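The values are calculated or read from the model by the stated rules, or taken from the named source; none is laboratory data. Everything numeric here is computed off the predicted structure, so don't read it as measured data. Cβ coordinates were reconstructed from backbone atoms using ideal geometry, including for glycine residues, and neighbour counts include every protein chain displayed.
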Amino acid sequence: MLDLAPRLETLLALEPIEGWRAWSLTSRRGFTHLRLRPIAGRSHPWPPMREAEARCKLARMHEAPNPECTCGLHGAHDPDMLRRAKSPSVIGTVALWGRVIEHEFGYRGQFAYPQRLRLVCHLCLWRWGLRADPPTVVVRVHRGRLVPLCDEHLAVSGRYGFPIRPLSDAREIEIRLLDTYAVDLLPLEGLLSKTPS
């Protein structure tokens, strides 16, 4: 078993620590009840208007985060790390506090809440990084998952048989998401200034 404890220090963060994060996005029919969800697994959605609290998904008997486990609410140091996320719908900054563990790529926190959010075409993000064009439409796919796409990738998706179900305007969904979580839009200037040249 890999022993992470000697290298990782747990601190108590009374002031929030900012990290970068990617989420998937779900809704009910009619694009209502928007919820941010972790990219991996079938974790619970991030609750709007209150903090998310970390739990160990391996049913271990310890508080999350723990230096000897990978549990906790994650935030990356570098926004370019978000390119590696599996099919994100939303990217943004997240405030982490409580018990926080800093590691090589970012942080794992006990409590977290999104600070600034932006819808993203995951194909553009993967290909061009944070300099990607913003999405223009949002497609609803299986189990209420929402997939924002730019016009180019919407056309490609249709040609290759991606299930194009009800569409909604990306800007409208983004505004509703920001209202749901009572946060600000992640400015493009912030993204571009953080991107390595």
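Any idea how many residues of the stretch 80-105 are modelled with pLDDT under 95, out of contact with any Phe, Trp or Tyr (no Cβ under 7 Å at 6 or more places or on another chain) and over 15 Å from residue 15 (Cα atoms)?
8
When residue 16 is evaluated against the numbered criteria (1) part of a loop (DSSP other than H, G, I, E, B); (2) modelled with pLDDT of 90 or more, which criterion, by number, is the only one it fails?
Checking residue 16 against (1) part of a loop (DSSP other than H, G, I, E, B); (2) modelled with pLDDT of 90 or more, the one that fails is (1).
Could you figure out which of (1) over 23 Å from residue 114 (Cβ atoms); (2) at pLDDT below 85 isn't true of residue 66?
Unmet condition: (2).
When you go through 130, 96, 146 one by one, which is the residue that is touching a residue at least 60 places away in the same chain (Cβ under 8 Å), of a type in the set (A, V, I, L, M) and part of a helix (DSSP H, G or I)?
Working: 96 fails: part of a helix (DSSP H, G or I); 146 fails: part of a helix (DSSP H, G or I).
Result: 130 is the single residue among 130, 96, 146 that is touching a residue at least 60 places away in the same chain (Cβ under 8 Å), of a type in the set (A, V, I, L, M) and part of a helix (DSSP H, G or I).
Write out, first by first residue and then by second, each pair whose Cβ atoms fall under 9 Å of each other, whose residues are 6+ apart or on separate chains, and whose first residue, in the stretch 79-92, is on the phi > 0 side of the Ramachandran plot while the second is among the polar types (S, T, N, Q) and surrounded by 21 or more Cβ atoms within 10 Å (Cβ to Cβ).
87/24
Name, by its number, the condition in (1) part of a strand (DSSP E or B); (2) touching a residue at least 60 places away in the same chain (Cβ under 8 Å); (3) within 22 Å of residue 32 (Cβ to Cβ); (4) not basic (Lys, Arg) that does not hold for residue 111.
Unmet condition: (3).
When residue 87 is evaluated against the numbered criteria (1) surrounded by 15 or more Cβ atoms within 10 Å (Cβ to Cβ); (2) outside any strand (DSSP E or B); (3) not acidic (Asp, Glu), which criterion, by number, is the only one it fails?
Going through the list (1) surrounded by 15 or more Cβ atoms within 10 Å (Cβ to Cβ); (2) outside any strand (DSSP E or B); (3) not acidic (Asp, Glu), residue 87 breaks only (1).
Confirm whether residue 168 is outside any helix (DSSP H, G or I), of a type in the set (Gly, Ala, Ser) and surrounded by 15 or more Cβ atoms within 10 Å (Cβ to Cβ).
For residue 168, the condition - outside any helix (DSSP H, G or I), of a type in the set (Gly, Ala, Ser) and surrounded by 15 or more Cβ atoms within 10 Å (Cβ to Cβ) - is met.
Just checking, does the stretch 55-66 include any residue being more than 26 Å from residue 144 (Cβ to Cβ) and not in a loop (DSSP other than H, G, I, E, B)? Break it down into steps so the answer makes sense when it comes.
Filtering the stretch 55-66 down to residues more than 26 Å from residue 144 (Cβ to Cβ) leaves 56, 58-66.
Of the ones still in play, those that are also not in a loop (DSSP other than H, G, I, E, B) are none.
No, because not a single residue in the stretch 55-66 is more than 26 Å from residue 144 (Cβ to Cβ) and not in a loop (DSSP other than H, G, I, E, B).
Would the stretch 181-194 turn up any residue that is hydroxyl-bearing (Ser, Thr, Tyr), assigned to a helix (DSSP H, G or I), at pLDDT 90 or above and buried (at least 16 other Cβ atoms within 10 Å of the Cβ)?
yes
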